[in-house]
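I'd like to ask some things about the structure below.
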Amino acid sequence: MKRDVVVAALPRVDSRRVTKLTERPADPARNMAWRLEKLEEQIQKLSELVRDHAEDMDRLVRIVAENQDVVRRQLLRKHHEKVRVRKHLREANSGLD
């Protein structure tokens, strides 16, 4: 699964470390540093969201697979029951002849 490898490569971020800056500095050099910091924060947040989404998708895939397996077993059980009934009826009918 390529997605697992990509998600595993994403850095985990402690959300408590992220600090919020409320105003943009007027100095162009500081403004550029502020913008860069904001972009890095957004990248970290996006990485977290992508990782969470991938984990959710993996959980959903597992749930769907389990549900499909349960449904498949139920259908198979019903089919086997029908086959047993038909076999029993065939044997009963052949005994009457």
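Every number in this text was worked out from the coordinates using simple rules, so none of it is lab data. Just so it is clear, the structure is predicted and the values come from calculations on it, not from any experiment. Here Cβ is always computed from backbone atoms with ideal geometry, including for glycine, and neighbour counts include all displayed protein chains.
Mind ordering 71-81, 31-41 by average Cβ neighbours within 10 Å, highest first? Walk me through the numbers on the way to the answer.
Working: 71-81: 10.0, 31-41: 12.2.
Answer by packing, highest mean first, reads 31-41, 71-81.
In Å and on Cα atoms, what radius of gyration and Dmax does the stretch 30-96 show?
Spelled out, the Cα radius of gyration and Dmax of the stretch 30-96 are 28.8, 98 Å.
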